[in-house]
1. Would you be able to tell me the number of residues in region 43-61 that are surrounded by fewer than 16 Cβ atoms within 10 Å (Cβ to Cβ), in contact with a helix residue (DSSP H, G or I) (Cβ under 8 Å, 6 or more places away or on another chain) and part of a helix (DSSP H, G or I)?
2. Among the residues of region 15-42, how many are surrounded by fewer than 19 Cβ atoms within 10 Å (Cβ to Cβ) and either free of Cβ contacts under 8 Å to residues at least 24 places away in the same chain or outside any helix (DSSP H, G or I) (or both)?
3. Name every residue in region 62-83 that is in a helix (DSSP H, G or I), small (Gly, Ala, Ser) and surrounded by fewer than 13 Cβ atoms within 10 Å (Cβ to Cβ), in order of residue number.
4. From (1) surrounded by fewer than 16 Cβ atoms within 10 Å (Cβ to Cβ); (2) touching a helix residue (DSSP H, G or I) at 6+ places or on another chain (Cβ under 7 Å); (3) acidic (Asp, Glu), pick out the condition that doesn't hold for Asp11.
Amino acid sequence: KKAEGWVGQPDEHVVGERFSPACYIAEAMPASLYLAWKYHEDFVGGLVANANVGGDNCHRGVVVGAILGLACGVPAEWSGALRVPPPR
């Protein structure tokens, strides 16, 4: 419930002030879960928001991307350029 009040705030503020942009799991996992929750219907928006927050965005991106990919599916324009695209 507390996170619902954070949705209107900039992601940089929430991740940077409420959690931490650091790579340590104690900070990275809650920040990853928050971004996945906030962008649960927007795969691209969630990954772009994660990248824009800065800090250790590559490790958070693995978690955010996996959760949002499962929830939303990976857009064809993102997976179609892979050497071996995933089965549809």
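1. Total meeting the criteria: 3.
2. Number of matching residues: 14.
3. Ala66, Ala76
4. If we test Asp11 against (1) surrounded by fewer than 16 Cβ atoms within 10 Å (Cβ to Cβ); (2) touching a helix residue (DSSP H, G or I) at 6+ places or on another chain (Cβ under 7 Å); (3) acidic (Asp, Glu), just (1) comes out false.
Bear in mind that the values in this text are calculations on the coordinates, not laboratory data. Remember, it's a predicted structure, so these values are computed and weren't measured experimentally. Because the Cβ atoms are built from the backbone with ideal geometry, glycine has one as well, and the counts that use them run over all protein chains shown.
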